[in-house]
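Q: This is the structure I have questions about; it appears just below.
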Amino acid sequence: ETAEPEVKVVDLTILSPDRPDLVLPIPFVADEKGYAFALKDGSTYSFRFSFIVSNNIVSGLKYTNTVWKTGVRVENQKMMLGTFSPQPEPYIYVGEE
């Protein structure tokens, strides 16, 4: 018997040239308005996250990025990251701007 692969997100950072890097705690902690973070309309941004794979190889790892504006979903992006084997050091993924 082999253990199921496990993926743990270590951190998520929002990168925007208009502001300092914003490192979000995992799990997210919402502010008084119920948001994890907010960006000015029209801002360019990308994100970086690191994750650790343990137990077994993870095949076909995907992520989904959903953007909401005033409670309405305006963008939903799904991206295939690939296959990852267990290792002690975290993998780092940087999204497109």
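Q: For the range 19-64, enumerate the residues that are of a type in the set (K, R) and touching a Ser or Thr at 6+ places or on another chain (Cβ under 6 Å).
A: Across the range 19-64, the qualifying residue is only R48.
Q: Which members of the range 33-53 meet the condition of being exposed (fewer than 14 other Cβ atoms within 10 Å of the Cβ) and of a type in the set (G, A, S)?
A: G34, A38, G42, S43, S46
Q: On to the next question. If S59 satisfies all but one of (1) part of a strand (DSSP E or B); (2) surrounded by 14 or more Cβ atoms within 10 Å (Cβ to Cβ); (3) more than 11 Å from the chain's Cα centre (by Cα); (4) among the small types (G, A, S), what's the number of the condition it fails?
A: Among (1) part of a strand (DSSP E or B); (2) surrounded by 14 or more Cβ atoms within 10 Å (Cβ to Cβ); (3) more than 11 Å from the chain's Cα centre (by Cα); (4) among the small types (G, A, S), the lone unmet condition for S59 is (2).
Q: State whether the residues of the range 45-64 include one that is closer than 16 Å to P90 by Cβ, among the hydroxyl-bearing types (S, T, Y) and modelled with pLDDT under 90.
A: yes
Q: Return the pairs, sorted by first residue and then second, in which the second residue is among the basic types (K, R) and surrounded by fewer than 11 Cβ atoms within 10 Å (Cβ to Cβ), the first residue lies in the range 15-27 and is under 14 Å from E97 (Cα atoms), the beta carbons are less than 9 Å apart, and the residues are 6+ apart or on different chains.
A: From residues that are under 14 Å from E97 (Cα atoms), the pairs are S16/K40; D18/K40.
Q: Kindly indicate the residue of the range 1-42 that is within 18 Å of the chain's Cα centre (by Cα) and hydroxyl-bearing (S, T, Y) and also modelled with the highest pLDDT among those meeting that condition.
A: The residue in question is T13.
Q: Going through the range 2-44 one residue at a time, which ones are within 22 Å of P88 (Cα to Cα), acidic (D, E) and either in contact with a Gly (Cβ under 8 Å, 6 or more places away or on another chain) or assigned to a loop (DSSP other than H, G, I, E, B) (or both)?
A: E4
Q: Are there any pairs with C-beta distances below 6 angstrom linking a residue in the range 81-97 that is touching a residue at least 24 places away in the same chain (Cβ under 8 Å) to a residue that is open to solvent by 50 Å² or more (accessible area, probe 1.4 Å), with the two at least 6 apart or on different chains, and if so which?
A: T83/S59; S85/I57; P90/V10; P90/I52; V94/R48; E97/T44
The values are calculated or read from the model by the stated rules, or taken from the named source; none is laboratory data. The structure presented is a predicted model; accordingly, all values stated were derived computationally and were not measured. All Cβ positions, glycine included, derive from the backbone under ideal geometry; neighbour counts span all protein chains shown. For accessibility, only protein heavy atoms count, side chains too; no ligands or nucleic acids. Shrake-Rupley method; radii C 1.70, N 1.55, O 1.52, S 1.80 Å.
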